[in-house]
Amino acid sequence: PDVTALPDSDFAEGLGGLSGALPIAMATVAEAQAETLQSTADGGKEHRGHLCISPRWSHQHTPRNVQEQGDGWPPRTVAACSARKVNAAAAASACEQRIVTLGVLYYNSPALLHNIMRGWATWPESLAQQFHFTVVDDCSTSEHSALSVVRANKPMYPIRVLTIQPPKIAWNDVGALNLLMHTATTCWAMRLDADVVVTPQAARGLLGLAERSDIDSVHMFNRENIGSVHPANWLFHRQAYWRAGGSDEDFAGSYGYVDAQLGWMLSQSGAKFRRHRDVNLTQVPSQLQRRLQHYPANFSKDSTHNLELHLRKQKGLAPLPTLYLRFRWHANTVTKRVRRGGSRRSL
(Lines give C-alpha, C1' and ligand atoms only; values in the text may rest on other atoms or scores of the structure.)
Protein backbone atom coordinates (compact mmCIF):
# COMPACT_ATOMS: atom_id res chain seq x y z
CA PRO A 1 0.00 0.00 0.00
CA ASP A 2 0.92 3.64 -0.42
CA VAL A 3 2.38 4.78 2.89
CA THR A 4 2.32 8.45 3.77
CA ALA A 5 4.31 9.91 6.66
CA LEU A 6 2.67 12.81 8.45
CA PRO A 7 3.89 14.84 11.42
CA ASP A 8 2.99 13.16 14.69
CA SER A 9 1.70 15.05 17.67
CA ASP A 10 4.24 15.85 20.33
CA PHE A 11 5.54 12.55 21.63
CA ALA A 12 5.33 13.60 25.26
CA GLU A 13 1.56 13.94 24.89
CA GLY A 14 1.32 10.23 24.08
CA LEU A 15 -1.78 8.71 22.57
CA GLY A 16 -4.11 11.26 24.11
CA GLY A 17 -2.90 14.10 21.94
CA LEU A 18 -2.59 11.87 18.91
CA SER A 19 -5.89 10.04 18.76
CA GLY A 20 -8.06 13.13 18.64
CA ALA A 21 -6.12 14.68 15.78
CA LEU A 22 -5.65 11.56 13.66
CA PRO A 23 -7.75 11.86 10.48
CA ILE A 24 -9.59 8.65 9.60
CA ALA A 25 -11.21 9.20 6.23
CA MET A 26 -14.50 7.44 5.54
CA ALA A 27 -16.33 7.15 2.25
CA THR A 28 -19.36 9.29 1.52
CA VAL A 29 -19.95 8.18 -2.09
CA ALA A 30 -20.40 4.50 -3.05
CA GLU A 31 -17.97 4.42 -5.97
CA ALA A 32 -14.77 2.62 -6.76
CA GLN A 33 -12.58 2.82 -3.69
CA ALA A 34 -8.84 3.09 -3.27
CA GLU A 35 -7.26 2.22 0.04
CA THR A 36 -4.12 3.84 1.39
CA LEU A 37 -2.35 3.23 4.62
CA GLN A 38 -1.83 6.30 6.72
CA SER A 39 1.17 6.25 9.02
CA THR A 40 1.87 9.19 11.28
CA ALA A 41 5.41 9.49 12.51
CA ASP A 42 7.58 11.92 14.38
CA GLY A 43 9.77 12.72 11.40
CA GLY A 44 12.20 9.89 12.08
CA LYS A 45 13.37 11.46 15.31
CA GLU A 46 14.77 9.06 17.84
CA HIS A 47 13.56 9.39 21.40
CA ARG A 48 16.24 8.74 23.97
CA GLY A 49 15.76 7.21 27.36
CA HIS A 50 15.35 10.03 29.83
CA LEU A 51 13.45 8.73 32.83
CA CYS A 52 15.66 9.33 35.79
CA ILE A 53 19.16 8.46 34.67
CA SER A 54 21.15 8.79 37.84
CA PRO A 55 24.16 11.16 37.78
CA ARG A 56 26.03 8.30 39.45
CA TRP A 57 25.43 6.04 36.45
CA SER A 58 28.29 3.63 35.77
CA HIS A 59 29.09 0.80 33.38
CA GLN A 60 28.25 -1.63 36.18
CA HIS A 61 24.59 -1.09 35.25
CA THR A 62 25.07 -2.09 31.60
CA PRO A 63 22.64 -4.94 30.84
CA ARG A 64 24.24 -8.27 30.03
CA ASN A 65 24.22 -9.56 26.46
CA VAL A 66 23.97 -6.13 24.86
CA GLN A 67 24.50 -6.74 21.15
CA GLU A 68 26.25 -4.42 18.72
CA GLN A 69 27.56 -2.06 21.35
CA GLY A 70 28.30 1.33 19.90
CA ASP A 71 26.93 4.81 19.71
CA GLY A 72 23.55 3.82 21.15
CA TRP A 73 24.97 2.62 24.47
CA PRO A 74 25.48 3.83 27.14
CA PRO A 75 22.69 6.44 27.10
CA ARG A 76 24.05 9.95 26.67
CA THR A 77 21.26 11.70 28.51
CA VAL A 78 22.03 12.34 32.17
CA ALA A 79 19.26 13.84 34.31
CA ALA A 80 19.89 15.12 37.81
CA CYS A 81 16.90 13.40 39.31
CA SER A 82 15.96 10.45 41.47
CA ALA A 83 13.65 7.58 40.59
CA ARG A 84 11.43 8.57 43.48
CA LYS A 85 10.87 12.08 42.10
CA VAL A 86 10.22 10.89 38.56
CA ASN A 87 7.87 8.14 39.65
CA ALA A 88 5.97 10.50 41.93
CA ALA A 89 5.48 12.90 39.04
CA ALA A 90 4.31 10.09 36.74
CA ALA A 91 1.93 8.75 39.37
CA ALA A 92 0.42 12.15 40.04
CA SER A 93 -0.09 13.13 36.40
CA ALA A 94 -3.58 13.24 34.96
CA CYS A 95 -4.83 10.27 32.95
CA GLU A 96 -7.86 9.27 30.92
CA GLN A 97 -10.33 7.42 33.13
CA ARG A 98 -12.73 5.87 30.62
CA ILE A 99 -10.25 4.36 28.16
CA VAL A 100 -7.95 1.35 28.65
CA THR A 101 -4.60 0.87 26.92
CA LEU A 102 -3.90 -2.57 25.48
CA GLY A 103 -0.14 -2.94 25.08
CA VAL A 104 1.43 -5.89 23.26
CA LEU A 105 5.09 -6.61 24.04
CA TYR A 106 6.48 -7.93 20.77
CA TYR A 107 9.71 -9.43 19.46
CA ASN A 108 10.29 -11.27 16.16
CA SER A 109 6.95 -13.09 16.03
CA PRO A 110 4.94 -11.75 13.07
CA ALA A 111 2.49 -14.68 12.92
CA LEU A 112 1.47 -14.08 16.53
CA LEU A 113 0.96 -10.36 15.93
CA HIS A 114 -1.08 -11.10 12.79
CA ASN A 115 -3.28 -13.28 14.99
CA ILE A 116 -3.80 -10.42 17.47
CA MET A 117 -4.54 -7.92 14.70
CA ARG A 118 -7.12 -10.23 13.14
CA GLY A 119 -8.81 -10.45 16.52
CA TRP A 120 -8.89 -6.68 17.00
CA ALA A 121 -10.43 -6.32 13.53
CA THR A 122 -13.54 -8.19 14.74
CA TRP A 123 -14.26 -5.70 17.50
CA PRO A 124 -17.28 -3.44 17.01
CA GLU A 125 -16.36 0.21 16.60
CA SER A 126 -18.18 1.23 19.77
CA LEU A 127 -15.95 -1.13 21.77
CA ALA A 128 -12.68 -0.28 20.01
CA GLN A 129 -13.19 3.43 20.70
CA GLN A 130 -12.84 2.69 24.42
CA PHE A 131 -9.29 1.37 23.99
CA HIS A 132 -5.87 2.61 22.92
CA PHE A 133 -3.97 -0.05 20.97
CA THR A 134 -0.18 -0.09 21.32
CA VAL A 135 2.53 -2.51 20.17
CA VAL A 136 6.01 -2.19 21.68
CA ASP A 137 8.58 -3.76 19.35
CA ASP A 138 11.63 -4.77 21.38
CA CYS A 139 14.15 -4.18 18.58
CA SER A 140 13.01 -6.92 16.20
CA THR A 141 15.00 -7.66 13.07
CA SER A 142 13.85 -5.70 10.02
CA GLU A 143 12.15 -8.67 8.34
CA HIS A 144 10.01 -9.30 11.44
CA SER A 145 9.29 -5.72 12.51
CA ALA A 146 5.99 -4.96 14.23
CA LEU A 147 5.48 -1.85 12.10
CA SER A 148 5.47 -3.93 8.89
CA VAL A 149 2.96 -6.38 10.39
CA VAL A 150 0.64 -3.61 11.55
CA ARG A 151 0.78 -1.87 8.15
CA ALA A 152 0.04 -5.13 6.35
CA ASN A 153 -3.13 -5.57 8.40
CA LYS A 154 -4.49 -2.12 7.41
CA PRO A 155 -6.07 -1.46 10.81
CA MET A 156 -9.33 0.48 10.92
CA TYR A 157 -8.44 1.88 14.34
CA PRO A 158 -5.23 3.73 15.24
CA ILE A 159 -2.43 1.40 16.33
CA ARG A 160 0.57 2.99 18.06
CA VAL A 161 3.86 1.20 17.33
CA LEU A 162 6.83 1.98 19.57
CA THR A 163 10.04 0.53 18.12
CA ILE A 164 13.07 0.16 20.35
CA GLN A 165 16.25 0.88 18.39
CA PRO A 166 19.58 -1.00 18.32
CA PRO A 167 21.70 -2.09 20.03
CA LYS A 168 19.49 -5.04 20.92
CA ILE A 169 19.26 -5.85 24.64
CA ALA A 170 18.37 -9.49 25.23
CA TRP A 171 15.19 -10.19 27.19
CA ASN A 172 14.31 -6.50 27.47
CA ASP A 173 10.60 -6.97 28.17
CA VAL A 174 11.18 -4.92 31.33
CA GLY A 175 12.23 -1.93 29.25
CA ALA A 176 9.40 -2.52 26.78
CA LEU A 177 6.84 -2.49 29.60
CA ASN A 178 8.30 0.72 31.04
CA LEU A 179 8.07 2.30 27.59
CA LEU A 180 4.43 1.24 27.31
CA MET A 181 3.57 2.74 30.70
CA HIS A 182 5.62 5.88 29.99
CA THR A 183 3.65 6.62 26.83
CA ALA A 184 0.21 5.54 28.06
CA THR A 185 -2.15 8.41 28.77
CA THR A 186 -4.92 6.23 30.16
CA CYS A 187 -5.26 5.46 33.84
CA TRP A 188 -5.50 1.72 33.22
CA ALA A 189 -3.22 -0.35 30.99
CA MET A 190 -3.14 -4.04 30.15
CA ARG A 191 0.19 -5.67 29.38
CA LEU A 192 -0.16 -8.45 26.79
CA ASP A 193 2.31 -11.01 25.51
CA ALA A 194 2.24 -11.53 21.75
CA ASP A 195 0.72 -14.99 22.17
CA VAL A 196 -2.38 -13.74 24.03
CA VAL A 197 -5.62 -12.62 22.39
CA VAL A 198 -8.31 -10.46 24.00
CA THR A 199 -11.77 -11.24 22.66
CA PRO A 200 -14.55 -8.62 22.57
CA GLN A 201 -16.19 -10.34 25.54
CA ALA A 202 -12.95 -10.18 27.54
CA ALA A 203 -12.45 -6.53 26.50
CA ARG A 204 -15.83 -5.62 27.98
CA GLY A 205 -14.76 -7.34 31.18
CA LEU A 206 -11.59 -5.22 31.29
CA LEU A 207 -13.61 -2.04 30.90
CA GLY A 208 -15.89 -3.07 33.76
CA LEU A 209 -12.94 -3.74 36.07
CA ALA A 210 -11.28 -0.44 35.19
CA GLU A 211 -14.49 1.42 35.90
CA ARG A 212 -15.15 0.00 39.35
CA SER A 213 -11.65 -0.77 40.71
CA ASP A 214 -9.51 1.29 43.04
CA ILE A 215 -6.00 2.18 41.92
CA ASP A 216 -4.38 -0.41 44.19
CA SER A 217 -5.96 -3.35 42.34
CA VAL A 218 -3.80 -5.43 39.99
CA HIS A 219 -5.96 -7.80 37.94
CA MET A 220 -4.91 -11.27 36.76
CA PHE A 221 -6.93 -13.35 34.29
CA ASN A 222 -7.75 -16.92 33.40
CA ARG A 223 -6.56 -18.53 30.16
CA GLU A 224 -9.66 -20.28 28.92
CA ASN A 225 -7.86 -22.79 26.70
CA ILE A 226 -5.27 -23.64 29.36
CA GLY A 227 -7.32 -23.43 32.54
CA SER A 228 -4.96 -21.39 34.70
CA VAL A 229 -4.36 -17.74 35.55
CA HIS A 230 -1.80 -16.00 33.36
CA PRO A 231 1.26 -15.10 35.48
CA ALA A 232 2.20 -11.85 33.73
CA ASN A 233 -0.59 -10.33 31.63
CA TRP A 234 -1.95 -7.89 34.20
CA LEU A 235 -4.29 -4.92 34.17
CA PHE A 236 -3.02 -2.17 36.45
CA HIS A 237 -3.37 1.53 37.15
CA ARG A 238 -0.42 3.61 36.02
CA GLN A 239 -0.29 5.37 39.39
CA ALA A 240 0.15 2.03 41.16
CA TYR A 241 2.73 0.94 38.58
CA TRP A 242 5.00 3.96 38.97
CA ARG A 243 4.45 4.21 42.70
CA ALA A 244 5.91 0.71 42.94
CA GLY A 245 8.95 1.79 40.93
CA GLY A 246 8.00 0.41 37.51
CA SER A 247 9.77 -2.57 35.99
CA ASP A 248 13.36 -3.08 37.10
CA GLU A 249 15.58 -2.82 34.03
CA ASP A 250 18.54 -4.24 35.95
CA PHE A 251 16.98 -7.59 34.95
CA ALA A 252 17.33 -6.84 31.23
CA GLY A 253 19.94 -8.91 29.44
CA SER A 254 19.16 -12.15 31.27
CA TYR A 255 16.11 -14.38 31.34
CA GLY A 256 13.49 -14.80 34.03
CA TYR A 257 12.08 -13.42 37.30
CA VAL A 258 11.00 -10.12 35.74
CA ASP A 259 7.35 -10.69 36.66
CA ALA A 260 8.28 -11.98 40.11
CA GLN A 261 10.26 -8.79 40.76
CA LEU A 262 7.48 -6.51 39.52
CA GLY A 263 4.90 -8.43 41.53
CA TRP A 264 7.02 -8.10 44.66
CA MET A 265 7.52 -4.36 44.11
CA LEU A 266 3.80 -3.85 43.55
CA SER A 267 2.95 -5.78 46.71
CA GLN A 268 5.53 -3.84 48.71
CA SER A 269 3.90 -0.59 47.61
CA GLY A 270 0.43 -1.68 48.73
CA ALA A 271 -1.07 -3.13 45.55
CA LYS A 272 -3.56 -5.99 45.88
CA PHE A 273 -3.70 -8.77 43.30
CA ARG A 274 -7.16 -9.88 42.15
CA ARG A 275 -7.64 -13.11 40.23
CA HIS A 276 -10.53 -13.35 37.77
CA ARG A 277 -11.81 -16.54 36.23
CA ASP A 278 -14.81 -14.86 34.62
CA VAL A 279 -12.67 -12.76 32.25
CA ASN A 280 -10.86 -15.14 29.93
CA LEU A 281 -7.81 -14.57 27.78
CA THR A 282 -6.94 -16.87 24.87
CA GLN A 283 -3.33 -18.02 24.64
CA VAL A 284 -1.58 -19.69 21.71
CA PRO A 285 -0.44 -23.19 22.82
CA SER A 286 3.20 -23.13 23.91
CA GLN A 287 4.33 -25.73 21.39
CA LEU A 288 2.97 -23.67 18.50
CA GLN A 289 4.21 -20.45 20.08
CA ARG A 290 7.81 -21.68 20.09
CA ARG A 291 7.60 -22.41 16.36
CA LEU A 292 6.28 -18.93 15.62
CA GLN A 293 8.89 -16.96 17.56
CA HIS A 294 12.33 -16.22 16.14
CA TYR A 295 14.83 -15.76 18.95
CA PRO A 296 18.59 -15.53 18.28
CA ALA A 297 20.55 -18.63 19.24
CA ASN A 298 22.56 -16.66 21.82
CA PHE A 299 19.46 -15.72 23.84
CA SER A 300 19.97 -18.06 26.76
CA LYS A 301 17.05 -19.00 29.02
CA ASP A 302 19.36 -19.61 31.95
CA SER A 303 17.61 -17.75 34.78
CA THR A 304 20.33 -18.19 37.41
CA HIS A 305 21.56 -14.59 37.23
CA ASN A 306 18.09 -13.06 37.54
CA LEU A 307 17.05 -15.39 40.35
CA GLU A 308 20.09 -14.32 42.36
CA LEU A 309 19.41 -10.66 41.55
CA HIS A 310 15.76 -11.01 42.56
CA LEU A 311 16.71 -12.52 45.93
CA ARG A 312 19.35 -9.86 46.54
CA LYS A 313 16.88 -7.06 45.84
CA GLN A 314 14.29 -8.59 48.16
CA LYS A 315 16.89 -8.71 50.94
CA GLY A 316 18.02 -5.13 50.32
CA LEU A 317 21.46 -6.26 49.13
CA ALA A 318 21.03 -4.69 45.68
CA PRO A 319 19.50 -1.27 44.91
CA LEU A 320 16.08 -0.81 43.40
CA PRO A 321 16.00 0.75 39.90
CA THR A 322 17.08 4.32 39.25
CA LEU A 323 17.64 4.09 35.48
CA TYR A 324 14.72 3.76 33.07
CA LEU A 325 14.34 3.47 29.30
CA ARG A 326 17.95 2.54 28.60
CA PHE A 327 17.53 2.73 24.84
CA ARG A 328 16.28 4.86 21.96
CA TRP A 329 12.94 4.36 20.24
CA HIS A 330 10.75 5.50 17.35
CA ALA A 331 7.01 6.13 17.50
CA ASN A 332 4.52 5.63 14.66
CA THR A 333 0.74 5.42 14.51
CA VAL A 334 -0.93 3.50 11.70
CA THR A 335 -4.52 3.37 10.52
CA LYS A 336 -6.34 2.77 7.24
CA ARG A 337 -8.23 5.40 5.34
CA VAL A 338 -10.66 4.72 2.54
CA ARG A 339 -11.29 6.99 -0.46
CA ARG A 340 -14.26 6.72 -2.78
CA GLY A 341 -14.58 9.00 -5.75
CA GLY A 342 -12.39 11.57 -4.05
CA SER A 343 -15.09 12.42 -1.51
CA ARG A 344 -14.05 11.98 2.12
CA ARG A 345 -14.94 13.09 5.55
CA SER A 346 -12.79 12.90 8.68
CA LEU A 347 -13.89 11.39 11.97
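Where the centre of each part is set by its Cα atoms, how far does region 201-223 sit from region 224-283, in angstrom? Cα centroid of region 201-223 versus Cα centroid of region 224-283: 13 Å apart.
If we count every other residue with Cβ under 12 angstrom of ALA152's Cβ, Lys/Arg +1 and Asp/Glu -1, where does the sum land? Write out the running numbers ahead of the final one.
Values: positive: ARG118, ARG151, LYS154, LYS336; negative: none.
Neighbourhood net charge equals +4.
Each label was represented as a point 7 Å from its Cα along the Cα-to-Cβ direction; for LEU317 and LYS301 these points are 2.7 nm apart.
Rank-order 230-242, 125-137 by packing density, defined as the average count of other C-beta atoms within 10 Å over each peptide's residues, highest first.
Working: 230-242: 21.3, 125-137: 19.6.
The packing order, highest mean first, is 230-242, 125-137.
Looking at region 104-186, the accessible area is 28 square angstrom per residue; that uses a 1.4 Å probe and ignores ligands, DNA and RNA.
Taking amide H as placed 1.01 Å from N in the peptide plane, MET156 has its amide H under 5 Å from the amide H of LYS336, each at least 5 places away in sequence or on another chain.
The values are calculated or read from the model by the stated rules, or taken from the named source; none is laboratory data. What you see is a predicted model; the values in this text were computed from it and never measured. Positions of Cβ are generated from backbone atoms using ideal geometry, with glycine treated the same way; all protein chains shown enter the neighbour counts. Ligands, DNA and RNA are excluded from the accessible area calculation, which covers all protein heavy atoms including side chains. Shrake-Rupley method; radii C 1.70, N 1.55, O 1.52, S 1.80 Å.
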